[in-house]
Amino acid sequence: MSSGLRILAFDIYGTLLDTGSVSFDLRELLQLDEAKATQVTQLWRRYQLEYTWRLNSMGLYEPFDRVTWRSFLHAAADSHLAVDESTADRILERYNHLSTFDDALPALQNLSELPELRTKLMVFSNDYNLMLDFVGTQRMVDSALAGTPLSTIPHGIFVADEVKIYKPSAKIYHGLVAHVNNTAALNEGQKIDSENIWLVSGNPFDVTGARAAGLSAVWVDRAGSGWTDRIAPTGHDLKPNRI
């Protein structure tokens, strides 16, 4: 029997934190103009995600900080930029301090002040690490969240490192469901059905992955362009439950 309790599981990068904000750091550290820095930033993000999907397809896994570092070097090479490892490390450190989207913190604060909704907030991401053997990833996201209200999301964290696979593999979403139901601070001793676990994400691939695995999903459509993703096979509804 469902408890009526809902879990809101927030993605981090591209949802709460603006990955595009690192372009300001690229302008400074690589002496790029605004257009070039934006181009490199967008290519970096593309390769970062592509690397996770390719690793999934090959049955391989590497912590997200290394994926981020390698994908930056790839983007720099494709952009004909000569970047040594020391500079790349400095840029990755800047990636630990991305800006939050303007609407992210007020939304979290408003939700946290509405306990009557019987909703608990948590982080669900490719790249927040609680396991001590992946210190690089832990440092990366700890730094990104430190000093903001995001660091106080109260009820839990579930990350790719715990299942050694990235979104949108069904394994990570099923792992989230198991984690929620094995964590008393989240479930209050009651079973939480998959449909009562809501992903909140600005990434369409994440939304469709969650829906395919039986979870509910809210898509954060900041561009206001509407849902245009067409990956769903015939007979499958992978659209977000809410936009």
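Given the conditions (1) under 30 Å from R242 (Cβ atoms); (2) among the aliphatic types (A, V, I, L, M); (3) modelled with pLDDT of 95 or more, which single one is not true for A76?
Failing condition for A76: (1).
Go through V218, V177 for me and flag whichever is outside any loop (DSSP other than H, G, I, E, B), at negative phi and under 16 Å from the mean Cα position of the chain (by Cα). If you could, list the steps in order and put the result at the bottom.
Details: V177 fails: under 16 Å from the mean Cα position of the chain (by Cα).
The conditions single out V218.
Of the residues that sit in the range 174-211 and are under 22 Å from K239 (Cβ atoms) and touching a Leu at 6+ places or on another chain (Cβ under 6 Å), which one is surrounded by the most Cβ atoms within 10 Å (Cβ to Cβ)? Before you say what the answer is, go through the steps one by one.
Of all residues in the range 174-211, those under 22 Å from K239 (Cβ atoms) come to 174, 176-177, 193-211.
Subsequent filtering for residues that are touching a Leu at 6+ places or on another chain (Cβ under 6 Å) retains 194, 197-200, 208, 210-211.
On the way: S194: 16, I197: 27, W198: 20, L199: 28, V200: 25, T208: 22, A210: 32, R211: 22.
This residue is A210.
Out of all the residues in the range 157-205, which are of a type in the set (D, E, K, R) and under 24 Å from Q48 (Cβ atoms)? Walk me through it before giving the result.
Quick first cut of the range 157-205, residues of a type in the set (D, E, K, R) only: 161-162, 164, 167, 171, 188, 191, 193, 195.
Selection gives D161, E162, K164, K167, K171.
Go through the range 180-215 and give me each residue that's more than 22 Å from N126 (Cβ to Cβ), modelled with pLDDT under 95 and not in a loop (DSSP other than H, G, I, E, B).
A184, A185, N187
Would you say S21 is surrounded by fewer than 17 Cβ atoms within 10 Å (Cβ to Cβ) and either out of contact with any strand residue (DSSP E or B) (no Cβ under 9 Å at 6 or more places or on another chain) or touching a residue at least 12 places away in the same chain (Cβ under 8 Å) (or both)?
Numbers: surrounded by fewer than 17 Cβ atoms within 10 Å (Cβ to Cβ): yes; either out of contact with any strand residue (DSSP E or B) (no Cβ under 9 Å at 6 or more places or on another chain) or touching a residue at least 12 places away in the same chain (Cβ under 8 Å) (or both): yes.
Yes: the conditions hold for S21.
Scan the range 1-51 for residues that are hydroxyl-bearing (S, T, Y) and under 22 Å from the mean Cα position of the chain (by Cα) and jot them down. Please lay out each step first, then the result.
Taking the range 1-51 as the starting set, the residues that turn out to be hydroxyl-bearing (S, T, Y) are 2-3, 13, 15, 19, 21, 23, 38, 41, 47, 51.
Listed by number, the residues that qualify are Y13, T15, T19, S21, S23, T38, T41, Y47, Y51.
Filtering the range 223-243 down to residues that are surrounded by 13 or more Cβ atoms within 10 Å (Cβ to Cβ) and of a type in the set (D, E, K, R), which residue is farthest from V180 (Cα to Cα)?
So the residue we want is D229.
The values are calculated or read from the model by the stated rules, or taken from the named source; none is laboratory data. Every value quoted in this text rests on a predicted model; they were computed, and no experiment measured them. Positions of Cβ are backbone-derived with ideal geometry, glycine not excepted, and every protein chain shown enters the neighbour counts.
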